[in-house]
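A.B. asks: Take this structure, written in structure tokens, and hold onto it; I'll ask about it next.
The values are calculated or read from the model by the stated rules, or taken from the named source; none is laboratory data. Given the structure is predicted, the values throughout are model-derived calculations rather than measurements. Cβ: placed from backbone, ideal geometry, glycine included. Neighbour counts: every protein chain shown.
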Amino acid sequence: MIDAGAEPRLLKIANPEVAAAELEAQSRAAALVAQRTGIRVPLPHVFPDGTTVRAVRLPDGAEAHARLLEFLPGHTLSGPRHLAPDVIRAIGRLAASFDVALADFADPGADRPNQWDLRRTQDVLADLLLSVADEALRDRLRTVADTAWAVVAPVAGALPVQVIHGDLTDDNVVTGDGRMPDGVIDLGDLNRTWRVGELAITLSSLLHHDGVDLPAAMEAVTAYQSELALTDAELDVLWPLVALRGAVLVASAHHVLRTDPGNRYAAENLVHEELILAAATSVPLPVATALVRRAAGVDAPLLDAPAGVPMLDAEAIEVLDLAPASPLLDEGRWLAPDAEAALARDALAAGARVTATVFAQPRLTRARPGQDPGDVVVLGVDLAVSAPAALRAPWRGEVDVTADGIALRAGGLVLRVAGDVSDAVSGAVGAGELLAVVRGSARVTAARDGVGVPEAVTVAMAPAWRTVVADPTAVLIGDSAATAPEPPDPATLLARREASVAEVQEHYFAEPPVMVRGWRELLVDADARVYLDALNNVTSIGHAHPRLVDAVARQWRLLNTNSRFHYPAIVEFAERLAALLPDRLDRVFLVNSGSEAVDLALRLARAHTGRRDILAVREAYHGWTDLTDAVSTSIADNPNALTTRPEWVHTVDAPNAFRGRHRGPDAAQYAIDAVAEVERLAAAGTPVGAFLAETLFGNAGGIPLPDGYLAAVYSAVRSHGGVAVADEVQVGYGRLGEWFWGFEQQEVVPDIVAVAKAMGNGHPLGAVITSAEIAESYRTQGYFFSSAGGSPVSSVVGLTVLDVIRDERLQENAREVGAYLKERLTELGRRHPVLGTVHGFGFYLGPEFVRDRETWEPATAETAAICDRLRRLGVIIQPTGDHQNVLKFKPPMCFTRSSADAFVAALERVLTTGW
Ligand code: PMP
């Protein structure tokens, strides 16, 4: 960089072979793009004579041309880092905007032979392949190129031609904010060629980035198409051109390395270029093109099998529904390694003659928690028979006996039966004639001739494969085809939700998965994607706990009524709750939620003290009722929280020793300040009736209060006649590992305790536990009744949850696995500065992200993007805190050590490869 006046500029000396006219063309194209789009491009300095190019002499005496270019701040998207969907869309839009801006650009300097012009690939490759020493690679590259060219050549004449950037890749796309692309550099490959070459080159450059598979790259196609509609011919050649680009990149790297073996840049690039080629050729061209067409919103017709004679007798066929919500898969049965075979065996043992799976159904039996979407869709039907079953030919055709079964060819389609097959015929067969006999299990597929059907594919790839693989169900078993309920389409369901559920009752994620099942600390969506649930604190004992399910079902069958009746469960539950608390807290109120519990706790405090004024801690959330909302000041939950307080609500600083007014050893000052506020309110004639606080700062990610904080404030409040109310809704009930209640960590005993969430494992359940004296003071308000609070079903839920926490040692698990995880996360933070610290205890952890470890500037946008990427990697977690820069890690308490490892592995991948 040299300084030419006020603006930093870049002196760019072109290769001596580049003519001044070409550089002037690039300057003019850049000016046009800058004028017509919002894209940042490096504009050249214009000399007084109107030109932008100057001849310079190089040290070796050669003459070259140079320009002074504007310096674009930011950096490129080079390297293997992850590109998120919104980033990929932005790249697609950049490419389209560039092409729209240059649509009418004409300049002789842009009409020139260029090695990277995709029109010339066959000639260029012929030359480059001479340098590829490895014969197998050479053959492969030639095959890739020939196969792709065979698609391109017939429509070449129909492809629109214009001047394009020609190298609009990750290396030349610039981001100003470190994430979103907003600029393009290096117009050195500007040339007049097929317009669609632009997008092909851009697309290929995405394919080596971490976590960018074919469906993810398609976001660029969708974005491009929304700005500039591609023609039918362009859509058909786009992926073949990606494959050609991949072949040229690899061949060219070998060529450079042949002539310059020490070229480290080329050697490093080759690794990425091989990844691009591998991805470009990972599926047959027609499948990739179907993906392209769908991404562009253009029809890609599915392949149908013609009607035929049913191959099997339809009687006694049992459909094996393997979809995520199938009742066959309850209680974790899908996790057994041989689940499919076991289910088929069970069905046959129960009397079915034949079992058949549902074609192309996402199978939960094939899904596992993992970082990338699994191959869960089988593009065929699996059969199992209890006794040998004859298969008839559905159509007239030619049969080949294959290594694993038979293949019937008819009308461009190949019907295969592979597995335990005997008595296969071969040669010509007529419709209805015997084909073979199935003796155990077999898979039936029907695909376009020449297409190999993979064992299974991802949900995102399945529709594209369906354009070359047909559903054989109807020809297999006739009209009574194996069907199962269609899963809801996520987008349609979301639209219906938005039209019916109040919008302000928000949902996680912009494009939320449709959740259909939970099991322990796992969640499963309708596409059979399995997620690690690091978020659901309410689900204390784990999703779908069989003991709870059975207990609830039993109680529903027996009785559910209200607490005015006399029945054992409410008594047993109240006794159990009281026994968990210090002796003097022995009276229990049963309600249905945390908001109700805190609301009731405050009403009790007011009734008991006869005072209205409440002192609460800032940045906390206590509920949505009028009263609990009045004392909630978390701006993450309500941006106007601090300015809309009634005059009887008083607040003290959030005693956050990590960020806030008093830090580290100075945090003791929070208690002194809070006590001073209690004294001030008493002196002002508005003494505090209730002091309300979470016993561990939950909303900020589980930050412990400074030692002695609650003891000091409780004592000051009590000395003026007030009472201490503990909100244990989030942090209580064993989650902290070391302590069952948060107040134990502070070594205090509150006067009133509000509990909810974990008590019910998701069933609406809340409780207030206090002394007999305070409980009795409610009489001044009338009598207490909650229609469903403490019902037989709710009480049984509460009892069973407590039994499971005890019997499965879940509090101990929280302590042990939580400590292990905290240590691993802390270690991760040593290698990734953005992970500033890890708050919390047990299964209430708060990894906090900061931009700067000196100033603790919160990394808010980063945290949101990290959560989104974690979701794409199969981990559900959300930000918390007023700065939304802390992960709220509070999983079901059955979270295992291996789940902790999986959580760390996913977070490490995100921190290493980006978001
Ligand atoms: N108190 C605290 C500390 C909470 O976190 C919440 C819920 N987030 C509540 C009270 C309110 O509980 P609920 O949503 O069950 O009404």
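A.B. asks: Would you point out the residue of the stretch 538-547, among those that are in contact with a helix residue (DSSP H, G or I) (Cβ under 8 Å, 6 or more places away or on another chain) and surrounded by fewer than 22 Cβ atoms within 10 Å (Cβ to Cβ), that is farthest from N813 (Cα to Cα)?
C.D. replies: R547
A.B. asks: Where in the stretch 320-395 are there strands (runs of 3 or more DSSP E), lying fully within it, with 1 or more residues that are surrounded by fewer than 20 Cβ atoms within 10 Å (Cβ to Cβ) and not acidic (D, E)?
C.D. replies: Of the strands (runs of 3 or more DSSP E) lying wholly inside the stretch 320-395, those with at least 1 residues that are surrounded by fewer than 20 Cβ atoms within 10 Å (Cβ to Cβ) and not acidic (D, E) span 389-392.
A.B. asks: Also, I was wondering about something else. Which helices (runs of 4 or more DSSP H) sit wholly inside the stretch 410-509 and have at least 2 residues that are closer than 30 Å to W624 by Cβ?
C.D. replies: The qualifying helices (runs of 4 or more DSSP H) are 490-500.
A.B. asks: Within the stretch 734-746, is even one residue within 16 Å of the ligand (Cβ to nearest atom), in a helix (DSSP H, G or I), of a type in the set (A, V, I, L, M, F, W, C) and at pLDDT 95 or above?
C.D. replies: So far as the stretch 734-746 goes, yes, one or more of its residues are within 16 Å of the ligand (Cβ to nearest atom), in a helix (DSSP H, G or I), of a type in the set (A, V, I, L, M, F, W, C) and at pLDDT 95 or above.
A.B. asks: Hey, another quick one. Name the residues in the stretch 297-355 that are without any contact (Cβ under 8 Å) to a residue 60 or more places away in the chain and small (G, A, S), would you?
C.D. replies: The answer is A316, A336, A339, A342, A347, A349, A350, G351, A352.
A.B. asks: For the condition closer than 17 Å to V196 by Cα and either touching a residue at least 24 places away in the same chain (Cβ under 8 Å) or of a type in the set (S, T, N, Q) (or both), what is the one hit in L241, L277? Explain how you work it out, then say what you get.
C.D. replies: Numbers: L277 fails: closer than 17 Å to V196 by Cα.
On inspection, the qualifying residue turns out to be L241.
A.B. asks: Hey, can you tell me all the residues within the stretch 486-534 that are modelled with pLDDT of 95 or more, in contact with a helix residue (DSSP H, G or I) (Cβ under 8 Å, 6 or more places away or on another chain) and on the phi > 0 side of the Ramachandran plot?
C.D. replies: A528
A.B. asks: Next up: Residue by residue through the stretch 579-615, note down the ones that are closer than 26 Å to L642 by Cβ and within 38 Å of the chain's Cα centre (by Cα).
C.D. replies: The answer is S593, G594, S595, E596, A597, V598, D599.
A.B. asks: Out of (1) more than 11 Å from the ligand (Cβ to nearest atom); (2) in a loop (DSSP other than H, G, I, E, B); (3) without any contact (Cβ under 8 Å) to a residue 60 or more places away in the chain, the odd one out for W624 is which?
C.D. replies: (1)
A.B. asks: If you check V552 against the conditions, is it part of a strand (DSSP E or B), among the β-branched types (V, I, T), over 19 Å from H650 (Cα atoms) and away from the ligand (no atom under 16 Å from the Cβ)?
C.D. replies: It is false that V552 is part of a strand (DSSP E or B), among the β-branched types (V, I, T), over 19 Å from H650 (Cα atoms) and away from the ligand (no atom under 16 Å from the Cβ).
A.B. asks: Does any residue in the stretch 543-564 that is more than 16 Å from N761 (Cα to Cα) come within less than 8 Å, Cβ to Cβ, of a residue that is of a type in the set (S, T, Y) six or more places away or on a different chain, and which pairs are these?
C.D. replies: L559/Y567; N560/S791; T561/Y567; T561/S791; N562/S787; N562/S791; S563/S786; S563/S791
A.B. asks: Give the number of residues within the stretch 880-905 that are aliphatic (A, V, I, L, M) and surrounded by 22 or more Cβ atoms within 10 Å (Cβ to Cβ).
C.D. replies: Here is the first cut: in the stretch 880-905, the residues aliphatic (A, V, I, L, M) are 886-887, 893, 900, 902, 904-905.
Remaining after also requiring surrounded by 22 or more Cβ atoms within 10 Å (Cβ to Cβ): 886-887, 893, 900.
Number of matching residues: 4.
A.B. asks: Additional query: Which residue pairs have Cβ atoms under 8 Å apart, sit 6 or more places apart or on different chains, and have a first residue in the stretch 691-718 that is of a type in the set (D, E) and a second that is within 14 Å of the ligand (Cβ to nearest atom) and assigned to a strand (DSSP E or B)?
C.D. replies: So the pair list comes out as E694/V617; E694/A726; E694/D727.
A.B. asks: Hey, another quick one. Please find, among N638, N656, the residue that is at pLDDT below 95, part of a loop (DSSP other than H, G, I, E, B) and surrounded by fewer than 18 Cβ atoms within 10 Å (Cβ to Cβ).
C.D. replies: It is N638.
A.B. asks: Can you find a residue that is of a type in the set (A, V, I, L, M, F, W, C) and closer than 25 Å to V749 by Cα anywhere in the stretch 807-830?
C.D. replies: If we filter the stretch 807-830 for residues that are of a type in the set (A, V, I, L, M, F, W, C), which is where we start, we get 810, 814, 817, 819, 821, 825, 828.
Now drop any that are not closer than 25 Å to V749 by Cα, which leaves 810, 814.
Within the stretch 807-830, one or more residues are of a type in the set (A, V, I, L, M, F, W, C) and closer than 25 Å to V749 by Cα.
A.B. asks: Quick check on the stretch 751-761. Is at least one of its residues surrounded by fewer than 23 Cβ atoms within 10 Å (Cβ to Cβ) and more than 10 Å from the ligand (Cβ to nearest atom)?
C.D. replies: No: the stretch 751-761 contains no residue that is surrounded by fewer than 23 Cβ atoms within 10 Å (Cβ to Cβ) and more than 10 Å from the ligand (Cβ to nearest atom).
A.B. asks: Kindly establish whether D707 is surrounded by fewer than 17 Cβ atoms within 10 Å (Cβ to Cβ) and outside the structural domain of F895 (by TED's automatic domain parsing).
C.D. replies: Spelling it out, D707 is indeed surrounded by fewer than 17 Cβ atoms within 10 Å (Cβ to Cβ) and outside the structural domain of F895 (by TED's automatic domain parsing).
A.B. asks: Of all residues in the stretch 662-672 being farther than 30 Å from G734 by Cβ and surrounded by 15 or more Cβ atoms within 10 Å (Cβ to Cβ), which is farthest from the ligand (Cβ to nearest atom)?
C.D. replies: Restricting to residues being farther than 30 Å from G734 by Cβ and surrounded by 15 or more Cβ atoms within 10 Å (Cβ to Cβ), the top hit is Q669.
A.B. asks: Out of everything in the stretch 607-632 that is among the aliphatic types (A, V, I, L, M) and out of contact with any helix residue (DSSP H, G or I) (no Cβ under 6 Å at 6 or more places or on another chain), what residue ends up being surrounded by the most Cβ atoms within 10 Å (Cβ to Cβ)?
C.D. replies: Among residues in the stretch 607-632 that are among the aliphatic types (A, V, I, L, M) and out of contact with any helix residue (DSSP H, G or I) (no Cβ under 6 Å at 6 or more places or on another chain), the one surrounded by the most Cβ atoms within 10 Å (Cβ to Cβ) is V631.
A.B. asks: Right, another one. Mind counting the residues in the stretch 711-725 that are within 15 Å of the ligand (Cβ to nearest atom) and either part of a helix (DSSP H, G or I) or under 14 Å from T651 (Cβ atoms) (or both)?
C.D. replies: Qualifying residue count for the region: 0.
A.B. asks: Among the residues of the stretch 566-589, how many are part of a loop (DSSP other than H, G, I, E, B) and without any contact (Cβ under 8 Å) to a residue 40 or more places away in the chain?
C.D. replies: 2
Every residue, every condition in (1) within 16 Å of the ligand (Cβ to nearest atom); (2) modelled with pLDDT of 95 or more; (3) touching a helix residue (DSSP H, G or I) at 6+ places or on another chain (Cβ under 9 Å), yes or no:
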residue	(1), (2), (3)
A605	yes, yes, yes
S634	yes, no, yes
R680	no, yes, no
A684	no, yes, no
F691	yes, yes, yes
N699	yes, no, no
G708	no, yes, yes
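Conditions tested, residue by residue: (1) outside any helix (DSSP H, G or I); (2) free of Cβ contacts under 8 Å to residues at least 60 places away in the same chain.
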residue	(1), (2)
V817	no, no
Y820	no, no
R830	no, yes
H839	yes, no
L845	yes, no
W856	yes, no
L870	no, yes
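A.B. asks: Within the stretch 425-451, which residues are closer than 28 Å to A296 by Cα and either buried (at least 20 other Cβ atoms within 10 Å of the Cβ) or touching a residue at least 60 places away in the same chain (Cβ under 8 Å) (or both)?
C.D. replies: A446, A447, R448, V451
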